[in-house]
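Report on one structure; see the data block that follows.
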Amino acid sequence: MSLHLTAAATARDVEVELSVADGETVALLGPNGAGKSTVLGMLAGLLRPDRGRATLGGETLFDLPRSWRAPHRRGVALLAQDALLFPHLNVRHNVAFGPRSSGVSRAEAADRANEWMRRTGTSAFADRRPAELSGGQAQRVAIARALAAEPRLLLLDEPLSALDVSVAGEVRATLAEVLPGRTTVLVTHDALDAYLLADRVAVMHDGRVVEEGPTRQVLERPRHAFTAELSGLTLLSGVRTADGLLTADGIHLAGEAVSGPAVGSATLAAVRPSAVRIAVGGATGGAAVDGGGAGGSIPATVTALEPQADLVRVRTDRLDLVADLRLRVGDGVALRVPPDAVTVYPS
């Protein structure tokens, strides 16, 4: 059931074009305020754009200003951050609600509910009320309820963001089992969700899609600095050398090149900060990088420090890295980058 959307919501400064193939999961990846949930609202029929058109399986969801299909007639299921289960119904009746609302018999609705409770691992608490469930249990029930309705399009709006890290992993595993072959749009700010759940990713920034493509290609070989930031990478531009990349300010990095860039051609390089090594006054710490200026190192100045658990993300005027050193903004450092931490590809 393929999806095609071209729409704009002027008041929210969102203008997007998005296609999802039949059975494909596409992640809308971006920070809060990027316009991701606005796109879901358009598709679900909860938000009317100022102009645009959307089709699902060849049927028109809207073609403004001429036509607008009501939300309940779209065959779309929306799963939000919170489970939003009916508090007066037990799990079994919550899951059966969608099929019953669509007019199927009580017996068929019960069969669908039992099947989706089994597939989402929620059968054991079928007779509990929502107040008796943990956050992870409730979200898995919400997944079962959404899929029991057999939607033509499944919309997931940050379904893991309200959960503890350990619980989110369990729910993510459930989604990984039930999403393949189902036309889905997943909204997330976490690149890990895109990596593990999506076939393709569309990166959103300030209401626009700035980059899209196969998930691993976009997140491991980004063409936009904003995408690199979301992926936890540093993006550099320059020209291709025999063994890597030379930047405009004379920094040379050796790296592993994907097919395509000829020597002397415009080239991008993605660097993993966790692999960069740093030297300050003879001390070393952090993780790995090789190549650069005199002596195989890159001179740099610390511009910002961001604590991350027991480490610090160090931003410099050259590269970013992760370290456990005692550093201060303004410190001069030497960076080393191993070739296996650098991916070179055409710009």
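Bear in mind that the values in this text are calculations on the coordinates, not laboratory data. In this text the structure is predicted, and so the values were computed from the model without any measurement. No Cβ is skipped: glycine too gets one built from the backbone with ideal geometry, and neighbour counts run over all protein chains shown.
Comparing Ala148, Ala269, Ala304 in a Gaussian network model of the chain where C-alpha atoms under 10 Å apart are linked, the largest mean-square fluctuation is found at Ala304. 3J(HN,Hα) along segment 102-117: 7, x, 6, 5, 4, 5, 5, 4, 5, 5, 5, 4, 4, 5, 6, 5 Hz, from the Karplus curve 6.51 cos²θ - 1.76 cosθ + 1.60 with θ = phi - 60°, whole Hz, x for Gly and Pro.
When only the Cβ of Lys, Arg, Asp and Glu is charged (+1, +1, -1, -1), the dipole of the chain relative to its Cα centre reaches about 880 debye. Ranked for footprinting exposure by Cβ neighbours inside 10 Å, fewest first, Ser102, Ser297, Ser67 give Ser67, Ser102, Ser297. Values of log10 I(q)/I(0) for the chain across q = 0.07, 0.11, 0.14, 0.15 Å⁻¹ run -0.39, -0.82, -1.08, -1.16, by the Debye formula with one identical scatterer at each alpha carbon and no solvent. Taken about its Cα centre, segment 35-83 carries a charge dipole of about 140 debye when Lys and Arg each add +1 at the Cβ and Asp and Glu each add -1 at the Cβ. Put simply, when 54-60, 35-41 are sorted by average Cβ atoms within 10 angstrom per residue, most first, you get 35-41, 54-60.
Between the residues Leu3, Thr234, Thr343, the greatest Cα displacement towards the positive end of the dipole of the chain, with unit charges on the Cβ of Lys, Arg, Asp and Glu, is found for Leu3.
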